[in-house]
Amino acid sequence: MGRLALNSILIMLLLVVGWSCARKPQIIRVKYLGYSSFDRPALTQLAELKPPLGPEIKGFFDRAVWHYQRQEYDSAGFALDEALELSPTEWRLYFMRGVITGKIDSSDISHRYFLTALGFAPDDSKIRSQIYLAIAEDMERRRDFGRAKQNYLTALNLDPACTRARDGMQRLTQLSAAEEP
């Protein structure tokens, strides 16, 4: 078996960790290239950040998370679209929409949702780090490793304790080493 094939198999077995960089990483699932799935507690935590989502928005958000967990991405997207009609400046809705769109579309649409989330997000380095981390994982999933690296570095600059960003950089280093002749 060639070096590239062996490294690809090893990379496919990398563990993906949970949402918060501030707490001890939580293993969610094994997934190729580390494009993570956000777990239900992490998404619920997102909804409960200050200020809390209003009750009508939280209902749509919770419904989107429920559909997301069942891999019903279109239904989750529709729930978020309804919430966005009621609250068009809520960064958490755009963030979640970017996560969902990344699951069903390989174009730059998810990236645009993440950038919109950045535009409305509070000036909190941990929150902004998580958005850059999601952008990096989206770029990595689409095999745009240069932009992925740039966004992992931004996430680390905003939150130096972010283990998921550090793990992402390590994956990209392993990938570039595996692709060298």
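Brief remarks follow.
- Tensor-based shape of the range 98-143 (alpha-carbon gyration tensor, a/c under 1.5 rounded, otherwise prolate or oblate): prolate
- Peptides ranked, highest mean first, by Cβ atoms within 10 Å: ranges 152-164, 63-75: 152-164, 63-75
- Relative contact order of the range 48-139, taken over Cα pairs closer than 8 Å and 6 or more residues apart, is 21 percent.
- Whether the range 76-181 is rounded, prolate or oblate, judged on the alpha carbon gyration tensor where a/c under 1.5 counts as rounded: oblate
No lab work stands behind these numbers, since they all come straight from the coordinates. Computed from a predicted model, the values in this text were never measured in an experiment. Quick reminder, even Gly has a Cβ in these numbers, built from the backbone with ideal geometry, and neighbours come from all protein chains shown.
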